[in-house]
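The values are calculated or read from the model by the stated rules, or taken from the named source; none is laboratory data. Given the structure is predicted, the values throughout are model-derived calculations rather than measurements. Positions of Cβ are generated from backbone atoms using ideal geometry, with glycine treated the same way; all protein chains shown enter the neighbour counts.
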Ligand SMILES: [Zn+2]
């Protein structure tokens with residue numbers, strides 16, 4: 001379950017809970033909160049640091065494969081592989 005960080009959108013309308021950053025556990029499908037659960041003041045969601053780092057690591061890994069001259073495929077199901085990095089056809093079939 002991802003953690004979302006929120007903080008008061010307006011520091012003049014905030015309680016001790018939302019004056020500084022606070023974290024909310026939420027499902028991806030849950031709507032974004034717009035009010036503090038304690039005082040109802042407007043709040044804004046901050047970008048999760050953890051997810052930003054994970055996203056960049058993913059990109060670096062794929063760039064690394066391409067730079068070394070490798071072509072990387074991931075299994076797309078049904079005996080078909082989809083290219084994620086490097087040169088070559090976008091899709092290949094693992095079946096003869
Ligand atoms: Zn509050």
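Structure summary
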read-out	value
In segment 4-31, the residues that are within 11 Å of the ligand (Cβ to nearest atom) and under 25 Å from the mean Cα position of the chain (by Cα)	6, 7, 8, 9, 18, 20, 22
Single residue of 35, 16 found to be surrounded by 13 or more Cβ atoms within 10 Å (Cβ to Cβ) and at pLDDT 80 or above	35
